[in-house]
Amino acid sequence: MMSTGVILAIGFQLSGGDSQLSELVWYSWLGGIIIGTMIGANMVLEEHCRAGPRNVVISGSTRGLGKALAREFLLSGDRVVVASRSPESVQATVRELEENLREGMISAGASSKHLAHAKVVGIACDVCEPGDVQKLANFAVSELGYIDIWINNAGANKGFRPLLQFTDEDIKQIVSTNLVGSILCTREAMRVMINQPKGGHIFNMDGAGSGGSSTPLTAVYGSTKCGLRQLQSSLLKECKRSKVGVHTASPGMVLTDLLLSGSSLKNKQMFNFICELPETVARTLVPRMRVVKGSGKAINYLTPPRILLALVTAWLRRGRWFDDQGKALYAAEADRLRNWAENRTRFYFTDAMEMYTENTWVSVFSLSVVCAFIILSSTSSNFPGT
């Protein structure tokens, strides 16, 4: 975006203050952005449609964002392994997602061919236990044959409060789940993917503290997320010559039990402005994860345009999720899904435009240059002193 702005500034400078030429430069620049973005969006649409079924493993996927991610992958035609500590939760989630898949096939009608190979299976796994993590990897390979994407989503928070109020068990569980668990899962995913002809991609979840900023009242959680960022930097160098991609995914603040645990009234008032539902975030992250290439990518929900939109519309977001007493105003998951299913049966052009604009501006920049050059060249006789 900065490059296109430079082109615009140069165009205005070359116009020599001529209002007519400045107007032409402005429209050529704007046209370059629009046309370039549409071309890029079509490229993304084609890539998304060509992308075959992915084999996906997601830890911590029986509720909240993890389950929303599993559902979105499944309804994109992928094969998914869900995992959680509780065998009962895993079984219930598999049944629920299978029902979601059946409903999705009915909603899609004739265009449901891409769902023909979709399936979901599950296994109980405590990511803090190396043996469990190895069983998860072996189970995924035995059920799916290979693993394309592994997402380390399992996490713990234990609420918002000063460090002195956290028990030994709280600290142990947060660090074990968020940091040790992610390391163990990453190692197992690498063990499998490094021997696969096409490699694979691993995603660790960013959170508050990932960038090294302070996280008062969630000091333990923040320190684990900061540690994961260091892990990411180290693995990028270790995996440099392999086909294993190591990435981060940043969902922002999502209305899940993990976030709401121990949250105060003041916290909930803030959530009205910056939080989103799990389905909304998954809808944005999954298409990007499915077509990721290389290594070291950061898949973020809170992109600069979204942050700007949240700031501009802040006055409209009061009472969006919670009222003045902190009572939840949003619908239960089952009710939300009934409405959501009708709106996600296909990948929209606007989704592709957003994916394109946040990842590359190559054709935008090129078209800006071409358009500006054509306009300036064809009107060179209007330049002062010519």
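Suppose we keep only residues that are assigned to a helix (DSSP H, G or I) and basic (Lys, Arg) within the stretch 293-343. Which one would you say is modelled with the lowest pLDDT?
Here is the first cut: in the stretch 293-343, the ones assigned to a helix (DSSP H, G or I) are 304-312, 314-316, 333-343.
From what's left, basic (Lys, Arg): 306, 336, 338.
Details: Arg306: 76, Arg336: 75, Arg338: 66.
Step by step, filter the stretch 293-343, then rank; the result is Arg338.
Could you list, in sequence order, the residues of the stretch 210-241 that are among the small types (Gly, Ala, Ser) and surrounded by 14 or more Cβ atoms within 10 Å (Cβ to Cβ)?
Step one: of the stretch 210-241, the residues among the small types (Gly, Ala, Ser) are 210-214, 219, 222-223, 227, 233-234.
Those that are among the small types (Gly, Ala, Ser) and surrounded by 14 or more Cβ atoms within 10 Å (Cβ to Cβ): Ser210, Ala219, Gly222, Ser223, Gly227.
Can you find a residue that is more than 19 Å from the chain's Cα centre (by Cα) and hydroxyl-bearing (Ser, Thr, Tyr) anywhere in the stretch 244-259?
No: zero hits.
Say whether the condition of being at pLDDT below 95 and under 18 Å from the mean Cα position of the chain (by Cα) is met by at least one residue in the stretch 138-153.
Looking for residues that are at pLDDT below 95 and under 18 Å from the mean Cα position of the chain (by Cα), one finds none in the stretch 138-153, hence no.
Would you check if Thr167 is open to solvent by 60 Å² or more (accessible area, probe 1.4 Å) and β-branched (Val, Ile, Thr)? Steps first, please.
Values: open to solvent by 60 Å² or more (accessible area, probe 1.4 Å): yes; β-branched (Val, Ile, Thr): yes.
Against the criterion (open to solvent by 60 Å² or more (accessible area, probe 1.4 Å) and β-branched (Val, Ile, Thr)), Thr167 qualifies.
Just to be sure, is Leu69 of a type in the set (A, V, I, L, M) and out of contact with any Pro (no Cβ under 6 Å at 6 or more places or on another chain)? Can you show your working first?
Values: of a type in the set (A, V, I, L, M): yes; out of contact with any Pro (no Cβ under 6 Å at 6 or more places or on another chain): yes.
The answer is yes for Leu69.
Within the stretch 269-284, can you find the residues that are over 14 Å from Asn300 (Cα atoms) and without any contact (Cβ under 8 Å) to a residue 12 or more places away in the chain?
Within the stretch 269-284, Met270 is the sole residue that qualifies.
Give me the pairs: first residue in the stretch 219-239 and touching a residue at least 60 places away in the same chain (Cβ under 8 Å), second residue aromatic (Phe, Trp, Tyr), beta-carbon distance under 9 Å, and six or more apart or on different chains, which are they?
These pairs meet every condition: Val220/Phe166.
Exactly one of these conditions fails for Ala124: (1) more than 21 Å from Lys225 (Cβ to Cβ); (2) under 24 Å from the mean Cα position of the chain (by Cα); (3) small (Gly, Ala, Ser). Give me its number.
For Ala124, the failing item is (2).
Provide a single number: the residues in the stretch 63-99 that are assigned to a loop (DSSP other than H, G, I, E, B), open to solvent by less than 10 Å² (accessible area, probe 1.4 Å) and closer than 15 Å to Cys125 by Cβ.
Keep residues of the stretch 63-99 that are assigned to a loop (DSSP other than H, G, I, E, B), which gives 63, 75-78, 85-86.
If we keep only those that are open to solvent by less than 10 Å² (accessible area, probe 1.4 Å) too, we end up with 77-78.
With the extra rule that they be closer than 15 Å to Cys125 by Cβ, the set shrinks to none.
Matching residues across the stretch 63-99 total 0.
So if I check each of Thr280, Thr256, which one is closer than 14 Å to Leu69 by Cβ, open to solvent by 40 Å² or more (accessible area, probe 1.4 Å) and of a type in the set (S, T, N, Q)?
Working: Thr256 fails: open to solvent by 40 Å² or more (accessible area, probe 1.4 Å).
One residue alone meets the criteria, Thr280.
Just checking, how many residues over the stretch 113-166 are closer than 16 Å to Ile58 by Cα, assigned to a helix (DSSP H, G or I) and hydrophobic (A, V, I, L, M, F, W, C)?
So the answer is 7.
Kindly indicate whether Gly207 is assigned to a loop (DSSP other than H, G, I, E, B), buried (at least 17 other Cβ atoms within 10 Å of the Cβ), of a type outside the set (S, T, N, Q) and without any contact (Cβ under 8 Å) to a residue 60 or more places away in the chain. Talk me through it step by step, then tell me what you get.
On the way: assigned to a loop (DSSP other than H, G, I, E, B): yes; buried (at least 17 other Cβ atoms within 10 Å of the Cβ): yes; of a type outside the set (S, T, N, Q): yes; without any contact (Cβ under 8 Å) to a residue 60 or more places away in the chain: yes.
The answer is yes for Gly207.
The values are calculated or read from the model by the stated rules, or taken from the named source; none is laboratory data. Because the structure is predicted, anything quoted here is derived from the model rather than measured. So basically every Cβ, Gly included, is an ideal-geometry build from the backbone, and we count neighbours across all protein chains shown. Accessible surface is based on the protein model in full, side chains and every heavy atom, while ligands, DNA and RNA are left aside. Shrake-Rupley method; radii C 1.70, N 1.55, O 1.52, S 1.80 Å.
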